[in-house]
Every structure is written in structure tokens, then in C-alpha cells.
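Working notes, structure below.
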Amino acid sequence: MEAEVIEAELVLPTYLSFKRVQMYEKYPKGQSRGRHWKHLKQILQAENYQNYPPDEPNYVNIESPPSMHPCKRLCDMTGYKAPYYDPRTNLRYANAEVFKLVRSLPSEYVQRYLALRNAAVVLK
Amino acid sequence: MVCFCSQLNRPGQRHWSIIFSTASRERLKKKKMPFISKIKRQTDYNLFPSSTPIVIDNGASYFRIGWAGETEPRVIFRNIVQRPRHKTTGETVSIVGDHDPALLKYFDCTRSGPRSAFDNDVVYQFEIMEYILDFAFDRLGANGSGIDHPVLITECVCNPVHSRSKMAELLFETYGVPSVAFGVDTAFSYKYNQQHGICGQDGLAICPGFSTTHVIPFVGGEPVYRGSCRTNIGGYHVTDYLKQLLSLKYPHHMARLTWEKVEDLKMEHCYIAPDYFSEARLFQKGTKEAEDKTRCWQLPWVPPPTEEPPSEEEIARKAAIKERQGQRLREMAEAKRSSRINELENELHGLGFLLRQLEQVEANDIPSFLSATGYVSKQEIESSLAKVTQSLRKAKGEPKSEQAEVEEKTEASMNEKYPLIHIPDNMLTSEQVLNPKEPKLKKKKKKCIIIAIVIKLLLAMVSIQLKEKRRQIFLKTTTEGRQRAKQKRVEEGLERERKNQEDEERRLENPELYAEQMRAKYKELSERIDQRKRLKTNGSHTNGNNTSGGVGRGERLNAAQRERMRLLTTAAFDRGKGEDTFGAKDEDWQLYKLMSRDNDDDDEGAEADEAELARVSSRLQEIDPKFVPKQELVPPQSAAEAPRLRPLTKEDFQIVLGVERFRCPEILYHPNLVGIDQVGLDEMTGVSIRRLPSKDEDLEQRLTSSIFMTGGCCLFPGMSQRLEAGIRMIRPCGAPINVVRALDPVLDAWRGASLYAAKLQFTEQTFTRMDYYEKGEDWLRRYQLRYTL
């Protein structure tokens, strides 16, 4: 290790005195660790919230509902108000100049703009 | 005691350049200093007695740890872990938090991105959590065996019991912590500010955090989780949105737009507009206010070195060198020419000598004499002599007008050469056959013999004459054909010139329209070619896959193949139901002509189209600087690079933040803008109040008169006004609305927790290891902290 790296104490030491079980004992090398951990979706499924009274607040209960207000239509490229949308690419645009830009975009950019709005076509 | 480490700046700070507004071009005063992590090891761990709790604010963005009762956390760092490989030793190490990028160059960070223990706001990756806790305790100065202090750690609202129990297990088992308490950071922040009189006992706490936003009503000083509400949008989404927008707008500078840099930009420049559309209209019209609000980030840029005009010395020197080189070349050419002249003269002399010798020799001995020299007849010698004299004359540098004469001579000689063409077949004589170039021959000796032989030979000769004649006709036609071709080419060139002229005129009179037409034509042509190519590759692809030779039912993608099939099937069905009489009539077979014609047309059309396309694209490139010729290959990276037809200017290296400044934080109020179908901040208050178990108008009024904002995201300028306006829209008219902000939205949660842990009754709220194992998971699920002690 280089001197300045050691001096800055950048790296986490492998042995720490206050730990009862060290990392290398807990997670021996060679074992894949990624699959141990449940993701949030799996955690929530395992919680079985339906078994408990619905009045009680739990993680899923307190999630917000969808919005009642009409959705704001913004131009995908410039951010201005966009009353129009391009049927070919599904992008929203504000006026004719922006439309020219929209039509001249390569398809990769079109998909990225749509992905910002979560409106891109995802093929699985 | 707080130690401050100034050398460890936030990554990205070194690369900052001047940020100025386009209108004034003055250096902006930075309103907020970027966050500096405190990661120096503390030395006073042993001074604290075992009863002093350690307070941890485990946030999705930052991890803060310190001692209870203090006002500032001791150690603050970003809640991420990287596991890069060291370049020289090759071992994989763990690096927690953000560090000086200069030191990171010793590590290979390509395969290890920063990883977080959080999914949304719930901890799920406990291995990473362990690394983080290791680092935190280590920096707090922990030594000895085990952490012998009670720990108060924050969690999210309604944390799933799985996560809670794993966290408790980690703390008890691995670190030997005697007792643990879990609390919600928003509640701690509220209590802290309540004690300072910012908010009342009843109020609404709004906490836009890193990945989620919560609204929690407080009644009687305690949070009512039943009425709380959570939207999955936060500072992370705002930064991500800004990063994507800028990357799409400036694809060339994508490498510069790192996460840390964009976060700095967000903290520095983003604000919330009181009304989005009116602000956007300002920018759309391009008013002066919009100009003032635009910020411009100038990237470091070095102008290309301008070439100085060469000095006079340089010019003179270069001219002298050129002159010398020219001289040398001329000398060499001269030497070559003189040597060639010498050669030719020698040859000439030799041939002349030979001719003179020939005259002296007897006619009969000519062939034997000549066989030694290599020439067959006198004519041959004479012709080669003529040739040599001609080349000699040329080598000696006769003027060009002679060449024209020579050409004429060749023309004339051509006519002479082909005399036989004009003579009809039956009049060819034996003499012309034997010596086609020279009609006259010395007849003296052959008079008597020939008459007898001629009759015999005539028959044979006629055929030879015919052959000769045909040869001459052939030569003449080919040369004539060549001439005609040359003429045609010249004409075509003239025609093209004329067309170009017309084009130019058209372009000059209406450049816009012309450009439009050109572009439309280009697009059409390229589409046609693409389509044809697609059809072709589809056809060849399927043909390659087939082993049986025929095309299967599912693979008939080529339009030509489809057409073919259609024709065949209609032909089969056209006949009567019972019999198949296809082929009885001759016209039926014309069907196959239809099919193959389609394929042929394609090929010819394709070539013409491609040539046209090339021409149009070159034209477009000339006239339209913004034109991007479509590449034949499909790699998406190349699409991002437009050919730079004009030299790069300073403006190309500027990143302008105009509308993005207020567009990005807008998503906190309208998550629909990024596709998250949930309510925004202002509506969330309405939802929360609606969800309260008891419908009490008085209570509601008290709640809205103390709306408390905390969390990192509420530092955006204009947040309070916007929130107030939004809440006023959904509350009944005349309701009291009062929006207050925490004293320090970022650190107040920790401070609140610290104050809480310092109280004597805190120990009642914790649970020990024995409790955890005895009482089981169900108890843990119902465990809630009581915040008013």
C-alpha cells in the first residue's frame, strides 16, 4: 500500500478489536454474498401484512395514493408547457421549433427522453 | 470536541470552474458550502462512561454518529461502500464513505460502483451495513472488546420487522451492544424543534428525504403513524433527473456530469418556482428576467493554438529549398533525356547502316541476310527507322504543335492503314493481301511465275483477304467507338456542369427551401435504401438458415418472397376446384416472369439510389452546417457525435442551466413528471389529514397552523412559499396555514436524537439482548418509542 493511502486510513482494516465476529469469519471468501439478502419487495411479501388488522400502520399502508390533480404536461426537451405530442415518438413538445428537434432525434435519444417520464417501451 | 479535517474535501470540488450568469458575468458568491465529511478518528472514546449512549442517524444519504448529549455528531460520511481492487497488490479492500478522489487512483474502481445498504429507505443489505458500522465505530475511536454503550439508531417510518430484527441482531451479536432503541428521524427533529419553540405540540411534520418523503401528523407530541403518508420521491430522484436532462442536452460532456458534480449543481442552483408555468413562460419568451436567472457553467477549454504567419526569413528559406529541389529534379530529367537521345541515335545509326547494307545485297539473299538481324523484311526495317526518328524528334523537345501534326499524320495513316475496308471483297488482289501496307511491289522478277501460281493461290487468298478486311473493320469500329465514348463523356460533363449551375442558382435564391427539399430527398432515399437492405438481409438470413432449400412458413419475411408465394397460391387457386390445370396454357408461365422481375428491379434501383444518396448527402454537407449524414453502421455511440464542420468555440464548452433550475425540484410536487404515480408534497398534507382516525376540525386547524419542514430537500429556495400556496388550495377557505422550517434541516434529526438519548428515562425505552431473544419477533413488531419523556 502506498504511504499516503495508509496515512489517510482510507481502507477499512480487516480486524477490528471491538467486533465479536470478524468479517472474514462471517463471510468466508468464495461464497456468493449477493443472494443472501432479500430485496424490499421480498421483505414486504414475507411480512404478511394481510394477517394483521388493516388499521395498524405498516410499511405498505402508509404509501401515498395517486394524485387527484390533472397531470402537468411539460415539453420533454425544453420544459415549457406542452399542449401537443408527437404520435410517432410519443414525445411532448411545446412549439414548431421544438417539433423539428423532436423529429430529428435518433431513436436512442427518444427512448431516453421517454424513460425520464417512465413512458419508454421496455421489452423484456 | 469536534475535529475538523480540511484536507478531505468533497469529491468534485477540485474540478469546479467559474460559474456565472450570462447577463452579468460576475463571479457568483456561493450561497451554501458543499458538505465536507468529517471522518477523522476521534480520540476520546475511553473518556465516556458505559452509560453514555451512542446516537446514530442512519440516513440513506449520510450516516451520522456521535455521543448523546452533544450538539454535533462526531463522524459524518456518505452512507456508501466501495469495494475496489488495489492496483498493485490485487487485494479487494473496502472503502466506506466518500474520499479524496486523488487517493482513489491507486485502486481499480471500474468494477466496483458505490453500493448502498438501502432499498428505498429500508436497510436490506446487512453486509454493507456491517462495513459501515465497522467504519463508524472505528472512527469514533472504539477499541477494546465490544461496544459497551447503549445505541440509539434511527430507522424509517413503519420499518418492516425483518429489517429491524436483522439490525438488532447485528448490533447485539457482532458488536456486543448491551441495549438498542429504534426511532424515527423525523420525530426526533420535530421534538427538538418543539423544544426550541419552532413548532407546537400538534403539528404536521413534512420530511422530504433522500429517497422518500414522509408526512407525519403529531398529536399531543406523539406521532400518529396511522395518519402518516409516504411518497417514494426524494433528493435522489431530483439529482438523477437533473443528471439525465443535462446528459441528453449535452451528450459530449457526459463524462463531466458525475453524480457528485450534479448534486453540487443541484444544491447550488436549483430552486422552486412559485408557479411553474408562469416561470416557464418567462423563459420561453426570453425576457430579461429569464436571462438573469440562467446560470452558465464554463468547462475548462483551451483554444487551439493560432498559427503565426511565418516570418519573412521562414518564407525565404522555404522558397530557397523549393528552388533547389526543383533544380535537382530538372537536372535529373535532363540527364535522363540526354541518355535516351543517345540511345535512339545509336539505334538510328544502326538501322541506317543495315539499310545501306541491304541495298548492296542481292534480292534473293534478303531473307537469309535479314534473319541474322532479327527483321523479316525491308519494310519492317524502314518502319522501325521511321519510328525511331519520330521518337528522337520528340525526345529532342519539338514544340507541341508538331504533336497535332503527328496526330493528323496518324489519322491519315489510319486511312492508309485501312485501305482494304473500302475495297469490296471480290476485288481484293493477291498483292494487297501479301503486303497490305504497300500496294506496289517489285513485279519484275515474279512476272512469269506468279501468273501460274496466282490462280492456285487466289482461292486460298480470298479467305485471307476477308480475314484481313474483317480485322480492319474491327479495328476501325473499335477506334470509332472509343472516340464516340469520349465525346459522350465530354457531353455528360457539360450537362452536369449545367445542372450544377442551375442548382446553384436555385440555392441562392431560396436557401431555406432548397435545404428543406434536399433534406427531404435525403431522408426518402435513405429510408428506401434501408428498407431494401433490411429486406435483403432478412431474405439472406432466412435463406442461410434453411437446409431444406425451400422457405418455411414462418420465415417468409422478404416482401419479394411473399409476393412470390402469393402469386403461386393464387395461380393454384384460380383454377377450378377439382383440377389443377396450371400450365395448360402458355400464358400461365408468364407468372414466373413476374416473380423474377421484382428481384431484378431491386438491384438496379438500389445502385441508382445509392449514387443519388451520396450526391445529395455531399451537397447537403456543403450547404448545411448542421447536417448529420446517417452512418451505415448502427452503433448508438456514433449517433451521438455530430461531425464538427466548424471550429469549436468557447460556447461549445458551456453548460447552461436555464429551465432545469426549477424543473428538477418540481418533481417533488409532481412525481408524475418522472412517472411515479403518487401525490406530491402539497397534496400529501391533505391525504395525511384525511387519514387521521378522528375527524376534528379544531385539531386540523392546529395541525395546519404548525407545518414543520425538515430533511435535506427542504433547503431549496422557495420551498416554503410553494408549499403554503399548495396547501391553501386544498384546505377550506380561511384555515390558518403556517409553514415553518427546522433550524437545521440536515442535522436536526441527530440533534433531537442526541437530546432524547441524554434523558434519564431513555433507558426505559431501550430493549436488551435478553428482551430481544425472549420476547420474540411479534413484540419487536409492536415496539414503538415514546417520544415525550
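The values are calculated or read from the model by the stated rules, or taken from the named source; none is laboratory data. Note that the coordinates shown come from a computational prediction; the quantities given were computed from them, not determined experimentally. Heads up, the Cβs are rebuilt from the backbone with ideal geometry, glycines too, and the neighbour counts pull from every protein chain shown.
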Looking for something within 13 Å of chain A (Cβ to nearest Cβ), buried (at least 24 other Cβ atoms within 10 Å of the Cβ) and among the charged types (D, E, K, R) - is there at least one such residue anywhere in the stretch B:227-242?
yes
Exactly one of these conditions fails for B:E260: (1) under 24 Å from the mean Cα position of the chain (by Cα); (2) surrounded by fewer than 17 Cβ atoms within 10 Å (Cβ to Cβ); (3) away from every other protein chain (no Cβ under 11 Å). Give me its number.
(2)
Kindly indicate the residue of the stretch B:161-188 that is within 15 Å of B:Q784 (Cβ to Cβ) and in contact with a strand residue (DSSP E or B) (Cβ under 6 Å, 6 or more places away or on another chain) and also surrounded by the most Cβ atoms within 10 Å (Cβ to Cβ) among those meeting that condition.
B:T186
So is B:Q701 away from chain A (no Cβ under 14 Å) and farther than 28 Å from B:V224 by Cβ or not?
no
If I ask for residues that are free of Cβ contacts under 8 Å to residues at least 60 places away in the same chain, of a type outside the set (D, E, K, R) and surrounded by 10 or more Cβ atoms within 10 Å (Cβ to Cβ), which ones from the stretch B:287-320 would you list?
B:T287, B:P310, B:I315, B:A316, B:A319, B:A320
Is it true that some residue in the stretch B:270-279 is in contact (Cβ under 8 Å) with a residue 40 or more places away in the chain and in a helix (DSSP H, G or I)?
yes
Scanning the stretch A:32-41 for residues that are at pLDDT 85 or above and assigned to a helix (DSSP H, G or I), the one nearest to the other protein chains (Cβ to nearest Cβ) turns out to be A:L40
When you look at B:M719, is it within 15 Å of B:S228 (Cα to Cα) and touching a residue at least 24 places away in the same chain (Cβ under 8 Å), yes or no?
no
Since B:Q125 meets every condition but one in (1) within 14 Å of another protein chain (Cβ to nearest Cβ); (2) under 34 Å from the mean Cα position of the chain (by Cα), which condition does it not meet?
(2)
Of all residues in the stretch B:674-690 being over 13 Å from B:M729 (Cα atoms) and either out of contact with any helix residue (DSSP H, G or I) (no Cβ under 7 Å at 6 or more places or on another chain) or free of Cβ contacts under 8 Å to residues at least 60 places away in the same chain (or both), which is nearest to the other protein chains (Cβ to nearest Cβ)?
B:G675
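So that you can scan it fast, the table gives a plain yes or no per residue for (1) at pLDDT below 80; (2) among the basic types (K, R); (3) surrounded by 11 or more Cβ atoms within 10 Å (Cβ to Cβ); (4) outside any helix (DSSP H, G or I):
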position	(1), (2), (3), (4)
B:I451	no, no, no, no
B:L513	yes, no, yes, no
B:K536	yes, yes, yes, no
B:V551	yes, no, yes, yes
B:A560	yes, no, yes, no
Tell me, please, whether a residue that is within 14 Å of another protein chain (Cβ to nearest Cβ), under 19 Å from A:L16 (Cβ atoms) and in a loop (DSSP other than H, G, I, E, B) can be found in the stretch B:101-114.
no
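On the basis of being assigned to a loop (DSSP other than H, G, I, E, B), at the interface with another protein chain (Cβ under 9 Å from one of its Cβ atoms), of a type in the set (S, T, Y) and over 30 Å from B:L47 (Cα atoms), does B:T89 make the cut?
Details: assigned to a loop (DSSP other than H, G, I, E, B): yes; at the interface with another protein chain (Cβ under 9 Å from one of its Cβ atoms): yes; of a type in the set (S, T, Y): yes; over 30 Å from B:L47 (Cα atoms): yes.
In short, yes.
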Restrict the check to the stretch B:107-129 and report whether at least one residue is of a type in the set (V, I, T), closer than 27 Å to B:Y192 by Cα, in contact with a Pro (Cβ under 7 Å, 6 or more places away or on another chain) and modelled with pLDDT of 90 or more.
yes
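Within the stretch B:263-286, restricting attention to residues that are small (G, A, S) and crowded, with 16+ Cβ neighbours inside 10 Å, which residue is nearest to the chain's Cα centre (by Cα)?
B:A280
Being in contact with a Phe, Trp or Tyr (Cβ under 6 Å, 6 or more places away or on another chain) and either within 18 Å of B:V215 (Cα to Cα) or among the small types (G, A, S) (or both) is the filter here, so list the residues in the stretch B:717-748 that pass it. Walk me through it before giving the result.
Filtering the stretch B:717-748 for residues in contact with a Phe, Trp or Tyr (Cβ under 6 Å, 6 or more places away or on another chain) gives B:717-718, B:740, B:748.
Listed by number, the residues that qualify are B:G718, B:V740, B:D748.
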Determine whether A:R73 is facing another protein chain (nearest Cβ under 7 Å) and over 22 Å from the mean Cα position of the chain (by Cα).
no
Looking at A:V98 and the list (1) within 22 Å of the chain's Cα centre (by Cα); (2) more than 8 Å from every other protein chain (Cβ to nearest Cβ); (3) buried (at least 17 other Cβ atoms within 10 Å of the Cβ), which single condition is not satisfied?
(1)
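Take B:F172 and decide whether it is within 7 Å of chain A (Cβ to nearest Cβ), among the aromatic types (F, W, Y) and over 37 Å from the mean Cα position of the chain (by Cα). Lay out the reasoning, then the answer.
On the way: within 7 Å of chain A (Cβ to nearest Cβ): no; among the aromatic types (F, W, Y): yes; over 37 Å from the mean Cα position of the chain (by Cα): yes.
Here the answer is no, as B:F172 does not meet what is asked.
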Among the residues of the stretch A:1-31, write down those that are surrounded by 14 or more Cβ atoms within 10 Å (Cβ to Cβ), out of contact with any Asp or Glu (no Cβ under 9 Å at 6 or more places or on another chain) and not in a loop (DSSP other than H, G, I, E, B).
A:V5
Say whether the condition of being of a type in the set (A, V, I, L, M, F, W, C) and within 12 Å of chain A (Cβ to nearest Cβ) is met by at least one residue in the stretch B:65-72.
no
Please determine, by comparing only the residues of the stretch B:59-81 that are under 38 Å from the mean Cα position of the chain (by Cα) and part of a loop (DSSP other than H, G, I, E, B), which one is surrounded by the fewest Cβ atoms within 10 Å (Cβ to Cβ).
B:S61
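Being facing chain A (nearest Cβ under 7 Å) and within 17 Å of A:R20 (Cβ to Cβ) is the filter here; which residues of the stretch B:136-157 pass it?
Within the stretch B:136-157, the subset facing chain A (nearest Cβ under 7 Å) is B:137-138, B:142-147, B:157.
Of everything in the stretch B:136-157, those that are facing chain A (nearest Cβ under 7 Å) and within 17 Å of A:R20 (Cβ to Cβ) turn out to be B:F137, B:D138, B:A142, B:N143, B:G144, B:S145, B:G146, B:I147.
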Subset of the stretch B:715-758 that is in contact with a Cys (Cβ under 9 Å, 6 or more places away or on another chain) and closer than 20 Å to B:R78 by Cβ - its residue that is surrounded by the fewest Cβ atoms within 10 Å (Cβ to Cβ):
B:P745
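Listed here are the residues, each with its yes/no results for (1) more than 10 Å from chain B (Cβ to nearest Cβ); (2) within 22 Å of the chain's Cα centre (by Cα); (3) closer than 28 Å to B:V81 by Cα; (4) in contact (Cβ under 8 Å) with a residue 40 or more places away in the chain.
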residue	(1), (2), (3), (4)
A:R20	no, no, yes, no
A:K26	no, no, yes, no
A:I43	no, yes, yes, no
A:Y52	no, no, no, no
A:T78	no, no, no, no
A:K81	no, no, no, no
